[in-house]
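Chemist: Questions regarding the structure given below will be posed in turn.
The values are calculated or read from the model by the stated rules, or taken from the named source; none is laboratory data. Remember, predicted model here, so these are calculated numbers, not experimental data. Backbone-built Cβ (ideal geometry, glycine too); neighbour counts: all protein chains shown. In case anyone asks, the SASA skips ligands and DNA or RNA and just uses the protein heavy atoms, side chains included. Shrake-Rupley method; radii C 1.70, N 1.55, O 1.52, S 1.80 Å.
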Amino acid sequence: FYEVRFQSLSQLSLGVSNRYTYLFAAFDPTRTGGIPLEAGTDYRNTFASLRYFSNPRKKVFVTLIGNAGEYFTGNIKSLQGTMSWRLGYLANISMNFSYNNIRLPEPQNNADLVLVGPRIDLTFTKSLFWTTFIQYNNQIDNININTRLQWRYAPVSDLFVVYTDNFFPDTFASKQRALVMKLNYWFNL
């Protein structure tokens, strides 16, 4: 692992890692319906990573992470990142993405997995917050919308109202939706 910290407070790092995985149950590494790897097998994989984090004190900051190397019986290349825009204490707006290129030998499946989604965090007052994120997932052909209103009515005591909806990207037909309310109260005994 090697890391460089710049005077601007941005960071660049390069690393090589080894990962050991033991499968207690059969597992499809791409979760695409391929032939699963057998339970009781183990894997030692090596991969390299490059990470960049811009100065988080700035109004706009970026995170980029790239990985390449072995993945179970094959290889993986991945890129993920976030671009965030902070509007003082009022709002944080960000766009997240993740791409994984997985190549496995037969009889397992190859996969190109994509996750993309914006997130918006708004602060109305010291006790009222609203968070919304939308995510597209090509692996399960799904768009998810999740929005949460949080009211802090006492220290460490919150009321949450959450709405979530999952639907198909091509028809926008709903798969599943829910409206949930949660109330927390902190007892100091």
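Chemist: Given a Förster distance of 25 angstrom, what is the FRET efficiency for residue 183 paired with residue 130, based on the Cβ-Cβ distance and rounded to 0.05?
Modeler: 0.90
Chemist: Nearest 0.05, what FRET efficiency do residue 57 and residue 159 give at R0 = 35 Å with Cβ-Cβ as r?
Modeler: About 0.60, to the nearest 0.05.
Chemist: Using the Cα centre as the reference, give the magnitude of the dipole from point charges on the C-beta atoms of segment 38-82 (Lys, Arg: +1; Asp, Glu: -1; all else neutral), rounded to the nearest 20 debye.
Modeler: 560
Chemist: Moving to a separate point now. How much net charge surrounds residue 42 when only the other residues with a Cβ under 14 Å from the Cβ of residue 42 are counted, with Lys and Arg +1 and Asp and Glu -1?
Modeler: 0
Chemist: Same structure again: Compute the semi-axes of the equivalent ellipsoid of segment 40-151, taking the square root of 5 times each eigenvalue of the Cα gyration tensor, and list them largest first in whole Å.
Modeler: Over the Cα atoms of segment 40-151, the semi-axes work out to 34, 18, 11 Å.
Chemist: Related question: Just how large is the dipole of segment 1-88 about the Cα centre, in debye to the nearest 20, putting +1 at every Lys and Arg Cβ and -1 at every Asp and Glu Cβ?
Modeler: 680
Chemist: Find which of 36, 139, 79 sits farthest along the positive direction of the dipole of the chain, computed with +1 on the beta-carbon of Lys and Arg, -1 on that of Asp and Glu, about the Cα centre.
Modeler: Positive-end residue among those listed: 79.
Chemist: Still on this structure, please answer the following. Roughly what percent of Cα-Cα pairs across segment 31-102 reach past 14 Å?
Modeler: Above the 14 Å cut-off, segment 31-102 has 69 percent of its Cα pairs.
Chemist: Using DSSP loop states and a limit of at most 16 other Cβ atoms within 10 Å to flag trypsin sites (Lys or Arg not before Pro), what is the longest stretch of the chain containing no flagged site?
Modeler: Of all site-free stretches, the longest is 60-125.
Chemist: Between residue 49 and residue 6, what is the label-point separation in nm under the 7 Å Cα-to-beta-carbon projection?
Modeler: 2.1
Chemist: A further question follows. Under a Cβ-Cβ cut-off of 11 Å, what is the net charge of the residues other than residue 131 that fall near it, where Lys and Arg count +1 and Asp and Glu count -1?
Modeler: Cβ neighbours under 11 Å give a net charge of +1.
Chemist: Shifting gears a bit: With a sphere of radius 13 Å drawn around the Cβ of residue 100, what net charge do the other residues whose Cβ falls strictly inside it have (Lys, Arg +1; Asp, Glu -1)?
Modeler: Spelling it out: positives minus negatives among the neighbours equals +2.
Chemist: Ok, one more. Go through 7, 160, 66 and say which Cα lies farthest out towards the positive end of the charge dipole of the chain; charges sit on Cβ, +1 for Lys and Arg, -1 for Asp and Glu.
Modeler: Comparing the listed Cα positions along the dipole, 7 ranks first.
Chemist: Express the carbon and sulfur contribution to the solvent-accessible surface of segment 91-189 as a percent, rounded to the nearest whole number, probe 1.4 angstrom.
Modeler: Result for segment 91-189: 63 percent of the exposed heavy-atom area is carbon or sulfur.
Chemist: Still on this structure, please answer the following. With +1 on the Cβ of every Lys and Arg and -1 on the Cβ of every Asp and Glu, and nothing else charged, how large is the dipole of segment 51-173 about its Cα centre, in debye rounded to the nearest 20?
Modeler: Rounded to the nearest 20 debye, it is 820 debye.
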